[in-house]
Amino acid sequence: MLRFCLFALLLTAATAAAQVPANAPANPRAAQLFQRDAILFAWALQLFDANLDGDISAAEAQPAARQFKTIADADRDGRVTTYEYDRAREFIEARY
């Protein structure tokens with residue numbers, strides 16, 4: 001159930017982040033993805049914590065969500081399935 005909730009949150013955050021202009025306000029739903037998954041949080045913290053405060057803000061989470069969607073969307077259909085989400089998470093866990 002938690003995996004499905006994280007998956008749904010990723011779809012919402014990544015889809016919203018992909019459609020947002022660079023100067024638009026940050027989407028707090030993108031940050032929720034990383035707050036709910038320790039592996040993704042550690043990955044996002046390592047690569048996207050621009051101010052080095054040890055947290056992922058909504059502004060930092062948007063590019064992280066876009067990058068995660070790029071990694072996860074294996075068949076490049078614009079959607080991340082539960083299977084793709086799990087494989088991307090495993091990839092991140094092994095690599096980072």
Packing-based exposure ordering (other Cβ within 10 Å, fewest first) of Asp77, Asp86: Asp77, Asp86
With r defined as the distance between the Cβ atoms of Ala94 and Asn51 and R0 fixed at 22 Å, what FRET efficiency is calculated, to the nearest 0.05? 0.20
Which peptide among 64-72, 39-47 comes first, and what is the full order, when sorted by highest mean count of other Cβ atoms within 10 Å? 64-72, 39-47
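No value in this document is a laboratory result; all are computed from the given coordinates. Keep in mind that this is a model prediction, so the values were computed, not measured. Note that we place each Cβ from the backbone using ideal geometry, even for glycine, and neighbour counts take in every protein chain shown.
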